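Q: One structure, pasted below without further comment.
What follows draws every value from the coordinates through simple rules; no lab data is involved. Quick caveat, the model's predicted, so the values are computed rather than measured. Note: ideal-geometry Cβ built from the backbone for every residue, glycine included; neighbour counts use all protein chains shown.
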Amino acid sequence: MVVSFDNCVSGMCRICMDLASADSKEKALDLLACGCTRAMNAKGCAVRTLDEKREVLELGAAWGLSEAYLRKGPVELCKAPLDAHIIGGEVADIADVATEKRMLYPEQAAREGIRSMLCVPVRVKDRVVGVLRVYRSEPHESTREEISIALALAAQGGNILEKFRLREEKRALGEVAHAISSSLDLDEVLRSIVVCAVETLSFKAASVRLLDEDGKYLEIKATYGLSDTYLGKGPVEVVKSPLDCEILSGKAVRVGEEEMRSKLQYPDETRSEGIRSMFGLPLRIKDRAVGVLRVYASFPYCFTNDDEEFLTALANQGATAIEHAMLYQRLSKTYDDLSEDVWKWYDWGKRPPRL
């Protein structure tokens, strides 16, 4: 059935209102899949989100599709040329899936009763973050109006994903800020930062290293996700690590697998650890870098501007914690020195002070 653009306007408005009131990403995507199915008079709809780190499309929500079909298997971009094209920004209108050679699971689609499919990219700003698929139970060539409706709904999906991504990152930064304000234990705070980096962005591992007193070595202070073997590989000497020299100069640096041998002090050990890309940022107090925050990915990954923005905020939190710890140490030493002077002045409190 051809969708009337005019008749769909009120339905899309209802979808937008429902999405605005959703209190979780899962609920919002469910509402989107359901609303899209109804607005498009389709058999069903699915929203898949891009996991850039593993290069797979994960199921975010679906409507009108059986559990058996949804469990058919993973959607890996290297094995799904159709979805790879959508992630590249294309729109795919497949009037008859039986003739589409780029389908990843054609037999399962046939058993599900899927005969045609419209696929559009889900975008956040200029970046594709997922795929919206509209399924029909009969061969159908989408009209320009139907494609416009699908793109408009996909845009709402992008807004949903961005909204809840920002909410999750804000929550994570709030937890780190609370750790900083409630603890004077620097090791504990730095540990919370590396855990936050890994779990919020789904990386393999993260570490914080601080310069020693002479500024020659970067000493490990907190790690998460790294093996004891890797951590015991040897000291990180600044002059032998081009990556850390660059970071300590004040830059955020992305390192791909092909650059590791030229930029790392221990490239072979890094590869053996299963690290394929990394991102390093300076920990700065005022205008001086005092350490390095590194995050590691287990596959070739292009770190995004959103990743950099979040990790920069984490690095700033780490620098704040270090500054607080240094201030506390100075105050403690001043207090100890004053206490010692007072006790000497009072001759250990046995007699009045000597004048």
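Q: Assuming a viscosity of 1.567 mPa s and a temperature of 4 °C, what translational diffusion coefficient in µm² per second does Stokes-Einstein assign to region 122-168, Rh being the Kirkwood radius over Cα pairs?
A: 109
Q: Hey, what number do you get for the chain at 222 nm if only DSSP H runs of n ≥ 4 count, each worth -39500 (n - 2.57), divided across all residues, to the nearest 500?
A: Here the helix-only value at 222 nm equals -15000 deg cm²/dmol.
Q: Next up: How large is Rg/Rh for region 208-270, to two decimals, with Cα atoms and a Kirkwood Rh?
A: Dividing the radius of gyration by the Kirkwood radius yields 0.94.
Q: Subtract the Cα-Cα distance of Asp187 and Glu138 from 0.36 nm times their separation in residues, and report this length gain in nm to one decimal.
A: Taking 0.36 nm per residue and subtracting the Cα distance, the gain is 11.5 nm.
Q: Return the equivalent ellipsoid semi-axes of region 21-101 as a descending list in whole Å, where each equals the square root of 5 times an eigenvalue of the C-alpha gyration tensor.
A: Over the Cα atoms of region 21-101, the ellipsoid semi-axes are 21, 17, 13 Å.
Q: Roughly speaking, what is the stretch gain from Lys251 to Arg271, that is 0.36 nm per residue apart minus the C-alpha to C-alpha distance, in nm to one decimal?
A: Result: 4.8 nm gained on full extension.
Q: State the Cα centre-to-centre distance between region 209-268 and region 292-316 in whole Å.
A: Region 209-268 and region 292-316 have Cα centres spaced 15 Å from each other.
Q: With charges only on Cβ, +1 for K and R and -1 for D and E, what is the dipole size of the chain about its Cα centre, in debye, rounded to 20?
A: Dipole size: approximately 260 debye.
Q: How big is the Cα convex hull of the chain in projection, averaged over all directions, in nm²?
A: So the mean shadow area of the Cα hull is 25.1 nm².
Q: Further question: Non-local amide H neighbours of Val236 (under 5 Å, H modeled in plane, Pro and chain starts lacking H): which ones?
A: Residues meeting the amide H criterion: Leu218.
Q: Then there's this: If you plug each phi of region 134-146 into the Karplus form 6.51 cos²θ - 1.76 cosθ + 1.60 with θ = phi - 60°, what whole-Hz ³J(HN,Hα) values come out, in order, with x for Gly and Pro?
A: Those phi angles translate into 10, 10, 10, 9, 9, x, 7, 9, 5, 7, 4, 5, 5 Hz.
Q: Would you work out the relative contact order for region 110-189, in percent, from Cα pairs under 8 angstrom that are 6 or more residues apart?
A: 26
Q: Grab the eigenvalues of the alpha-carbon gyration tensor for region 277-316, scale each by 5, take roots, and send me the semi-axes largest first in whole angstrom.
A: Semi-axes from the Cα gyration tensor: 21, 11, 6 Å.
Q: Something else: On a 28 Å Cα-Cα criterion, which of the cross-link pairs Lys72/Lys101; Lys125/Lys170; Lys27/Lys221; Lys125/Lys251; Lys79/Lys251; Lys204/Lys263 come out too long?
A: Result: Lys27/Lys221; Lys79/Lys251 exceed 28 Å.
Q: Report, largest value first, the span of the C-alpha coordinates of region 183-342 along each principal axis, in whole Å.
A: Computed over region 183-342, the largest-to-smallest principal extents equal 61, 30, 30 Å.
Q: Follow-up. Put a dot 7 Å past each Cα toward the Cβ at Ser24 and Phe164; how far apart are the dots in nm?
A: 0.9
Q: If I take the Cα coordinates of region 86-214 and project them onto the principal axes, what are the three extents in Å, biggest first?
A: Here the spans come out as 69, 28, 28 Å, largest first.
Q: Which value, to two decimals, describes the C-alpha radius of gyration of region 5-166 once divided by 2.2 N^0.38 Å?
A: My calculation over the Cα atoms of region 5-166 gives 0.95.
Q: Given the Cα-Cα distance of Ala95 and Asn316 and 0.36 nm per residue of separation, how much length would full extension add, in nm?
A: Fully extending the segment from Ala95 to Asn316 adds 74.4 nm.
Q: On to the next question. Quick one: Karplus J couplings for region 99-110, per residue in order, coefficients 6.51, -1.76, 1.60, θ = phi - 60°, nearest Hz, x for Gly and Pro?
A: Here the 3J(HN,Hα) series is 9, 8, 7, 8, 5, 7, 10, x, 5, 5, 5, 5 Hz.
Q: Taking 8 Å as the Cα distance limit and 6 or more residues as the minimum spacing, I'd like the relative contact order of the chain as a percentage.
A: Value for the chain: 12 percent.
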